[in-house]
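Notes follow once the structure below has been shown.
The values are calculated or read from the model by the stated rules, or taken from the named source; none is laboratory data. The structure presented is a predicted model; accordingly, all values stated were derived computationally and were not measured. Glycine also receives a Cβ, built like all others from the backbone with ideal geometry; neighbour counts cover every protein chain displayed. In case anyone asks, the SASA skips ligands and DNA or RNA and just uses the protein heavy atoms, side chains included. Shrake-Rupley method; radii C 1.70, N 1.55, O 1.52, S 1.80 Å.
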Amino acid sequence: MTKLTLTVASAEMIAEDIKEFRLERPDKAALPAFTSGAHIHVDVPSGGTRQYSLVNDPVDDTQYVIAVKREAGGTGGSVSLIDSVDTGDTIEVSEPQNDFELSDKTGDVLLVAGGIGITPILSMARVLSRTGKRRFRLAYLTRSPELTAYRQEILDGPLAEVSTIHHDRGNPEDAFDLDTFLQPLDDVEVYCCGPTGLLAAVRDKTSGWPRGCVHFEDFGTDTPAERSGDEAFVVVIKETGARYVVPPGKTILEVLTEQGLDAPSSCEAGTCGTCRTKLVDGEADHRDLVLFDDEYDDNIIICCSRAKTPEITISFEA
């Protein structure tokens, strides 16, 4: 993965626990191009990398803008970035990649953002507003105004007339009316980014829509995907007969990667489908937002899904 050494042109808190970083080349030269929905991998001070979506309009090739939410209960990546990196510092990032790209179709677009999931959605909204080629509406859902990044920009700018910003104050009774917003229409696409609960709700309400018109991206907190009650299971590779134990707190993809297997992957959140793998035997515990019901028996998304049976067999053959 090609790395870029960029300067932090500015770093400021733009909402409670959310810090925006504007990154540019030291010589102000143009950066590698990207499309709305793209993300970059950022080397964080605590070690390792984290993925952050680009907020700015791709027409601006002089900077990459990311907004980072402090995840106090995570593994420390976001906290170290917010607390240790400031204006004038340099950081290493990858060139942009996109698993959540706005299509070139001509129909209407419904954008749904939850919390820090506004970052790729706002880039899309900026492109749609600038080009004027597609009608669109934006629903931006947060707990409170204080937690709402870019709130004033949206309310005061050209996006105001097509945007709804909703705060539920943590009360389920005040949840946003997704049923009304997601009215099924001909030739419409939905792009949704946010916490898993929001993605699951949108998936449920659009379950009868045509395939390929609803797109998801998890906002990617740096906490491991684990549920209470998860148990270890064995994954068998059909081609070799190799058997690997997948413990609680680790995914099939993680275990296979640790064993040196080159399994395709990208988002590692169960939203892009890159790691779709053939399920040969056993029953999967599907936790993705990619597969449809009629694909469950023969496929598994190995970056997030687990097994309901003590053992499952998968195959990487086409």
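Remarks
- Angle between the chain longest axis and helix 118-131 axis [Cα atoms, degrees, rounded to 10]: 60 degrees
- Cα shape, the stretch 49-189, gyration tensor, a/c 1.5 rule: oblate
- Cα gyration tensor shape of the stretch 105-187, rounded if a/c is under 1.5, else prolate or oblate by comparing a/b with b/c: oblate
- Quarter of Cα convex hull surface for the stretch 3-113, i.e. mean projection, nm²: 7.6 nm²
- Computed with every protein chain present, the accessible area of THR87 is close to 80 Å² [probe 1.4 Å].
- Between the amide H of ASN56 and those of VAL65, distances stay under 5 Å, these residues lying 5 or more places away or on another chain, with hydrogens modeled in the peptide plane.
- Taking amide hydrogens as placed 1.01 Å from N in the peptide plane, the amide H of VAL112 sits under 5 Å from those of ALA139, TYR191, CYS192, CYS193, each at least 5 positions away in sequence or on another chain.
- From phi via Karplus (6.51, -1.76, 1.60), per-residue ³J(HN,Hα) for the stretch 47-59 in Hz, x at Gly/Pro: x, x, 10, 10, 9, 9, 6, 7, 8, 7, 6, x, 5
- For the pair ALA242 and TYR296, the difference between a 0.36 nm per residue extended length and the Cα-Cα distance amounts to 17.1 nm.
- Whole-Hz Karplus values for the stretch 254-259 come out as 4, 5, 5, 5, 4, 8 Hz, taken residue by residue from phi with 6.51 cos²θ - 1.76 cosθ + 1.60 and θ = phi - 60°; glycine and proline positions read x.
- Residue pairs exceeding 29 angstrom between C-alpha atoms, taken from LYS69/LYS250; LYS69/LYS133; LYS28/LYS69; LYS69/LYS105; LYS250/LYS278; LYS133/LYS205: LYS69/LYS133; LYS69/LYS105.
- Rg to Rh quotient for the chain, alpha carbon positions, Kirkwood Rh: 0.97
- Put a dot 7 Å past the Cα of THR274, heading toward its Cβ, do the same for THR5, and the two dots end up 2.6 nm apart.
- Rounded percent of accessible protein surface that carbon and sulfur make up, the chain, 1.4 Å probe: 46 percent
- ³J(HN,Hα) computed for each position of the stretch 273-283 - Karplus, 6.51 cos²θ - 1.76 cosθ + 1.60, integer Hz, glycine/proline x: x, 4, 8, 4, 9, 6, 9, 8, 8, x, 10
- Antiparallel DSSP beta bridges within the chain, as percent of all bridges there, nearest 5: 60 percent
- Amide hydrogen neighbours beyond the local backbone of ASP89, cut-off 5 Å, H modeled: VAL8
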